[in-house]
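Here the structure comes first, spelled out in structure tokens, and everything after it is commentary.
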């Protein structure tokens, strides 16, 4: 069964550093998403991406965050200057066009900011 | 933002049906209702979704209230592998833009 692949599985970074989280969505999917989950809390929407642009973003997704699909296969989330409160699991997801399909999530990247 | 609420936890005996409730207090007429489950150290896994009619698939059934303010995920015969956190959510029905999850229900299966 096709999978969404995320790398790295775990990243530790110092506060103020930039991090890039990488995702390879399922190849025939057209919509891409990032979610985050702070330890012990629910899964929160960050951003959706379609046709090479952001289609929706949450209040969490401020100017420190950006997304990119640089080469037609990878989908990245960049945090420019990490804060302690950015420590969380970050999940990438993708879906086909239309509302007849669910989302497929990756296994996540655990980001620890120290 | 969409507001969906769920009980924090539920328990069920193995091989018995499980009914997991969700309240969709701010759902609009065109939003889809989704259910996902999350096992420890994994990403959410799609279970089922629907708009107005009840839905069935190989994993579960989804019952949607007539006013759409509530839904129920039905696991017909729970197994130990069904122990997980179950999230309901509302998806805006314009271009798959945003799926917002509820607070999640931790389901424990008793052998």
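Across the range A:68-104, what is the total count of residues that are part of a strand (DSSP E or B) and more than 14 Å from chain B (Cβ to nearest Cβ)?
Of the residues in that region, 6 qualify.
In the range A:105-114, which residues are in a loop (DSSP other than H, G, I, E, B) and within 8 Å of chain B (Cβ to nearest Cβ)?
A:106, A:107, A:108 - these are the residues of the range A:105-114 that are in a loop (DSSP other than H, G, I, E, B) and within 8 Å of chain B (Cβ to nearest Cβ).
With B:43, B:89 as the choices, which residue is in a loop (DSSP other than H, G, I, E, B), surrounded by 21 or more Cβ atoms within 10 Å (Cβ to Cβ) and within 13 Å of chain A (Cβ to nearest Cβ)?
From the options B:43, B:89, the qualifying one is B:43.
Every residue in the range B:1-38 that is loosely packed, with under 13 Cβ neighbours inside 10 Å, within 14 Å of chain A (Cβ to nearest Cβ) and not in a strand (DSSP E or B), please.
If the condition is that a residue be loosely packed, with under 13 Cβ neighbours inside 10 Å, within 14 Å of chain A (Cβ to nearest Cβ) and not in a strand (DSSP E or B), then B:1, B:8, B:28, B:29, B:30 are the ones that fit.
Do the conditions hold for residue A:36, that is, is it modelled with pLDDT of 95 or more and closer than 22 Å to residue B:92 by Cβ?
Yes.
Looking only at the range B:92-111, count how many residues are closer than 13 Å to residue B:20 by Cβ and not in a strand (DSSP E or B).
Count: 3.
What's the number of the condition residue A:56 fails, among (1) assigned to a strand (DSSP E or B); (2) under 12 Å from the mean Cα position of the chain (by Cα)?
Among (1) assigned to a strand (DSSP E or B); (2) under 12 Å from the mean Cα position of the chain (by Cα), the lone unmet condition for residue A:56 is (2).
Which of the residues that make up the range B:74-86 are more than 11 Å from chain A (Cβ to nearest Cβ) and either surrounded by fewer than 17 Cβ atoms within 10 Å (Cβ to Cβ) or under 12 Å from the mean Cα position of the chain (by Cα) (or both)?
B:74, B:75, B:76, B:77, B:79, B:80, B:81, B:84, B:86
For the range A:39-67: of the residues being away from every other protein chain (no Cβ under 13 Å) and surrounded by 13 or more Cβ atoms within 10 Å (Cβ to Cβ), which is farthest from residue A:4 (Cα to Cα)?
A:64
Does residue A:36 fit the bill of being in a strand (DSSP E or B), in contact with a strand residue (DSSP E or B) (Cβ under 7 Å, 6 or more places away or on another chain) and more than 10 Å from chain B (Cβ to nearest Cβ)?
So residue A:36 passes the test.
Restricting the range B:46-73 to residues that are within 20 Å of residue A:104 (Cβ to Cβ) and surrounded by fewer than 15 Cβ atoms within 10 Å (Cβ to Cβ), which is nearest to the other protein chains (Cβ to nearest Cβ)?
B:57
Does any residue of the range A:9-28 turn out to be at pLDDT below 95 and over 15 Å from the mean Cα position of the chain (by Cα)?
yes
The values are calculated or read from the model by the stated rules, or taken from the named source; none is laboratory data. Quick caveat, the model's predicted, so the values are computed rather than measured. We place every Cβ from the backbone using ideal geometry, glycine too, and count neighbours over all the protein chains shown.
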